[in-house]
Every structure is written in structure tokens, then in C-alpha cells.
Amino acid sequence: MSIKVGLGTRTSCTPLSDDFSRDLVLNTIRQAGGGGSATVDYFNMLNVTSKMFKQLIDNPKSTNAGWNVTEDNNGLPLYYLLETDGNGDNHYVELQTTDLNVDSSNNVSPNDTTQDINGTVYNGIGTVTMTVGYKNTPFSTISWWLGVLGGTSIALKGLMPVISSCLRSIAAQISVQLEKLVANIVGSSAAEIEAAIQEGSAEADVAIAEEAGVEVAEIGAAELALGALSFVGIGLVVAAAFIVIALFVLHDSSQRVRFWNLTSYKALWTLWFFEGQMTTGPVQFNDDGSIKNYIPLPPVERTSPVPGAKPTNQAHYGDFNFDSASETHGIGYAMQIQLVDPKDDGDVKYTCTLMYDIPFVGDNSTTVTFNAVDNLEDFYFNNEGTNKSTKQSASTSDGKINATTTYDYLSGQHVKPGLDGSDGNEAYYYQSVIILEQTDLK
């Protein structure tokens, strides 16, 4: 009897440990918030990841599509990439099945979840997981609900061929779609990059279903309208933060920003531009490159990545790339962030406003505040050029939320990371973190 596998809900997050004071990811973020060399060190660590993605981009048609392959504890394939940095720390990408309930007789029992995938109900048995991390600690995890037809235990031996085929196809599609993205990204507009990611996302699902003989949940029109992507599509977004900064620079001023929401509130945000443009970020673009929809950052919460998976503490970040609008202009914008009740967008708890000013001539500046700001344009011009420092911070009046904005450098040309992890060309390239952290987060 053939075994039919279904792939359903997909999500992404950054897993956290139960001890927030000692958590490696959180403490790495906090250190990055020091600005200057601390921000440099943080992005140097992240940029090692681009070297691993380059291995996939260069080898989509090789035997394992650029991946290394070993076996997990259940004898199932584990696809991985590994790179060691100058400090001797390991950076890795892993693709594997997790959360399988394998008993002493090597049978896999369904968990208590079901999903309707394209009109057929499947019973959950585990999760397909892609993890990007360092020092044996994940900082980005993508999860895909895995189910089978039938509600009884299934011999692991019988599942192995279909799960192995499924993982092989997913691994290949990640490489194939990354190669296509790189080929299409140079000289493209922000809207065209978004369209390329969406196209790769859809193509991957079709290919996985056909190649591995699995049922892949279709993304509905309502989800697509909100920018929903497939498992591979989410992976393309994670990789795009590294790819775009290396390949997509229309002009000689650019900024990479990682925004962390380390609060128990959902973060709604908007932008006002004085000059420059966003090339990638957690948004949906109009055809002319203007922003159509802003995608909120979820709160820190303890939940299962997908139904049936082991609950974990989860945080979320947004990656942004900004570019100057011409060779004689800089980058300047203001951002307003509303922290709202996760279940009620209208219940605003705190409002944070910040600005970044990367002028064509002169030092960079940044400002952040929790004071009332009604007009982002006025706020920008009132603070433009005021705080020329690599770090600014502010706190709410009750002391419960801290906000930090940073730069790695205030002026000059700096080496941009190459896609292969090597040094690229020099440019007016700056890296920044925005951190909103709740002091009593548990």
C-alpha cells in the first residue's frame, strides 16, 4: 500500500530558550544594540550565511543540489550546509524532519492534529524544518506541517522513501529558486524582486508536489493578497536579505536594517521617506515601487511553530534594504511603530518614532523617541543631523519598553559583503539594528 504525504501550514520564527536573560540569540541582539563596532560584529556574523547560500546558488544541478547530506537519528536524510568563521564558530543551514513520534517498534504515530489539504484530510505526524543558525543555536527557523493519509501508526521503514523523496525535492527547489532569484535580481525594481520571489515560491510548490508525489497545500487568494509564501518562498525571503545587499545596488548609498520586536505586543509600522527607497522589506510593493501594505511583526510568544510541533518561545524580525534614489542623494526616512494588543490592532499600548538620516554629504544621524509625534515629516526635519552617534535609545515613561537605533559607521565608504562571504566593493554602505525590547518579558 502506497503512503500519501501532505504538506500543510508553514511559518517562520526565531526560537528562543526558556531563560531570556541567558539566551544566546537575545544576548547577541542586545550586544548589537551597542552600535559602532558591536553592530559591525553582529552583521559580520550574519553575513557568513551568504557564503552558504552561494554554495546552493552555484550547484543547483549537482547530485544533492549543493547540499551536504547525512542521516538523522531516525535514519532519515538531513541536508545541511556548514561554514566556520574566523573565530572558529560554526554557522549552519539544516533541512530535516522533526517532531516525529517514533516508538520502540519503529512505528510513527500520528499526533492529534489534522489539516484539510486541497480537499483531503491528513493526520499530522511531524514537521519539515529549515534552520539557519550559529554556535548550535538557530536564529531563523521555517516550519512546514507534515501529515499522512490514515489515522493509525505507520512503520518508519515504509515512510522513509516518501519522506526522503520529499526532502530531496525541497532541497533541490531551494537551490533552483535561489539561482533563479540571483539571475533575475540585478537591475530589477523592488516590485520586480517581490514578483520574482512570489513566482519562485509558487513554482517550488508545484515542483515538489510533482517530483515527490506529495500533496502540497495551495495558498488561497486571501493569503496571497496578504503576501503569503510557500515554505521555499519564505526561505527565499530569508536569503534575499543577504543576496540583495551584495547584488542589488542601484546607487552608491545603501543601508541594511534588522528590526527586532522583542515585546509581547504586535508591532504595526509605517514609513515616511525624505529621500531613498526600500528595495526589500516586510511589505508588499505596488508596481511603481511604492509600499502597498506593511506587514506587522508578531510578538514574542510561546506557541507551536505548526500544529503538533513542540511549543517554543518565538521572536520575530524584519530585514530591510534601503538604497539612495540617485548618485547625488542620500537616504532619509522616519518610521513610526505602534505596539498593539496582539488580538486587537486598535488597542495601542505604546508608540515609538524613529528616523535615520544618511546624507549625501556629512555624518549620519538617528533619533528615537516615545514622545507623541503626529507628523513624520516634521519629526524627520526637526531631528535631521541632530544626533550624529552610532547609538540612540529611548524608554517609555513606565520603563517597560526600551528602543534602540544604531549605525555601524557614521560616514565614509565601507566594504560591502560579497555573495560568497568575501569582501565586495566599497560603497557608502551602512548596517543598523532597531530593537524594541520589553523589560519584563517572560
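Within the stretch 262-321, the set of residues being outside any loop (DSSP other than H, G, I, E, B), over 18 Å from the mean Cα position of the chain (by Cα), among the charged types (D, E, K, R) and within 29 Å of Phe360 (Cα to Cα) comprises Glu275, Lys292. Screening Ile163 with (1) under 22 Å from Tyr122 (Cα atoms); (2) open to solvent by 20 Å² or more (accessible area, probe 1.4 Å) gives one miss only, at (2). Here's a check for you: in the stretch 211-235, which residue that is within 20 Å of Gln96 (Cα to Cα) and open to solvent by 20 Å² or more (accessible area, probe 1.4 Å) is nearest to the chain's Cα centre (by Cα)? The qualifying residue nearest to the chain's Cα centre (by Cα) is Ile234.
Just for the stretch 7-41: of the residues that are in contact with a strand residue (DSSP E or B) (Cβ under 9 Å, 6 or more places away or on another chain), hydroxyl-bearing (Ser, Thr, Tyr) and not in a strand (DSSP E or B), which one is least open to solvent (accessible area, probe 1.4 Å)? Steps first, answer last, please.
Pass one, the stretch 7-41, residues in contact with a strand residue (DSSP E or B) (Cβ under 9 Å, 6 or more places away or on another chain): 7-18, 20, 23-26, 28-30, 32-36, 38-40.
When the remaining residues are screened for being hydroxyl-bearing (Ser, Thr, Tyr), the result is 9, 11-12, 14, 17, 28, 39.
If we keep only those that are not in a strand (DSSP E or B) too, we end up with 17, 28, 39.
On the way: Ser17: 48, Thr28: 23, Thr39: 0 Å².
Ranking the qualifying residues of the stretch 7-41, first place goes to Thr39.
Of Ala172, Ala209, all but one fail to be part of a helix (DSSP H, G or I), closer than 17 Å to Val128 by Cβ and free of Cβ contacts under 8 Å to residues at least 24 places away in the same chain; the exception is Ala209.
Quick check on the stretch 86-101. Is at least one of its residues assigned to a loop (DSSP other than H, G, I, E, B) and of a type in the set (Gly, Ala, Ser)?
If we filter the stretch 86-101 for residues that are assigned to a loop (DSSP other than H, G, I, E, B), which is where we start, we get 86-89, 99-101.
Next cut, of a type in the set (Gly, Ala, Ser) only: 86, 88.
For the stretch 86-101, residues assigned to a loop (DSSP other than H, G, I, E, B) and of a type in the set (Gly, Ala, Ser): present.
Just to be sure before I move on: is Val361 more than 26 Å from Ser140 (Cβ to Cβ), touching a helix residue (DSSP H, G or I) at 6+ places or on another chain (Cβ under 9 Å), surrounded by fewer than 23 Cβ atoms within 10 Å (Cβ to Cβ) and not hydroxyl-bearing (Ser, Thr, Tyr) in the structure I sent?
Values: more than 26 Å from Ser140 (Cβ to Cβ): yes; touching a helix residue (DSSP H, G or I) at 6+ places or on another chain (Cβ under 9 Å): no; surrounded by fewer than 23 Cβ atoms within 10 Å (Cβ to Cβ): yes; not hydroxyl-bearing (Ser, Thr, Tyr): yes.
So Val361 fails the test.
If the Cβ limit is 7 Å and pairs must be 6+ apart or interchain, which residue in the stretch 79-103 that is within 21 Å of Ser153 (Cα to Cα) pairs with which residue that is open to solvent by 60 Å² or more (accessible area, probe 1.4 Å)? As it stands, the answer is Asp99/Lys310, since those pairs meet every condition given. Filtering the stretch 57-74 to residues that are aliphatic (A, V, I, L, M) and within 26 Å of Gly126 (Cα to Cα) leaves Ala65, Val69. Within the stretch 113-138, residues that are within 30 Å of Asp85 (Cα to Cα) have Cβ atoms under 7 Å from residues that are surrounded by fewer than 16 Cβ atoms within 10 Å (Cβ to Cβ) and of a type in the set (D, E, K, R) in these pairs: Tyr134/Asp89; Lys135/Asp89, counting only partners at least 6 apart in sequence or on another chain. If the condition is being crowded, with 16+ Cβ neighbours inside 10 Å and either in contact with a helix residue (DSSP H, G or I) (Cβ under 8 Å, 6 or more places away or on another chain) or part of a helix (DSSP H, G or I) (or both), then the stretch 184-198 contributes Asn184, Ile185, Ser188, Ala190, Ala191, Ile193, Glu194, Ala196, Ile197, Gln198. Need pairs with beta-carbon distance below 7 Å; first residue open to solvent by 30 Å² or more (accessible area, probe 1.4 Å) and within the stretch 311-340, second acidic (Asp, Glu); sequence gap 6+ or separate chains. Taking only residues 6 or more apart or on different chains, the pairs are Ala325/Glu275; Glu327/Asp252; His329/Glu275. Tallying residues that are farther than 19 Å from Ala403 by Cβ and free of Cβ contacts under 8 Å to residues at least 24 places away in the same chain within the stretch 341-351 yields 4. Within the stretch 80-98, the set of residues being over 12 Å from Met45 (Cβ atoms) and of a type in the set (Gly, Ala, Ser) comprises just one member, Gly88.
Condition check ((1) closer than 17 Å to Val216 by Cβ; (2) among the charged types (D, E, K, R)) across all residues:
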residue	(1), (2)
Leu78	no, no
Thr84	no, no
Thr98	no, no
Ser109	no, no
Asp116	yes, yes
Lys135	no, yes
Ser143	yes, no
Gly147	yes, no
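Can you tell me which residue within the stretch 46-69, out of those that are in a helix (DSSP H, G or I), β-branched (Val, Ile, Thr) and over 16 Å from Lys180 (Cβ atoms), is least open to solvent (accessible area, probe 1.4 Å)?
Thr49
Restricting attention to the stretch 313-335, the residues being modelled with pLDDT of 95 or more and more than 19 Å from Arg256 (Cα to Cα) number 3.
Residues in the stretch 298-307 that are in contact (Cβ under 8 Å) with a residue 12 or more places away in the chain and either in contact with a Phe, Trp or Tyr (Cβ under 7 Å, 6 or more places away or on another chain) or of a type in the set (S, T, N, Q) (or both): Pro299, Val306, Pro307.
The values are calculated or read from the model by the stated rules, or taken from the named source; none is laboratory data. Just so it is clear, the structure is predicted and the values come from calculations on it, not from any experiment. A quick note on method: Cβ atoms are made from the backbone with ideal geometry, for glycine too, and the neighbour counts reach across all protein chains shown. The protein model used for the area step is the full one, side chains on, heavy atoms only, and it has no ligands, DNA or RNA in it. Shrake-Rupley method; radii C 1.70, N 1.55, O 1.52, S 1.80 Å.
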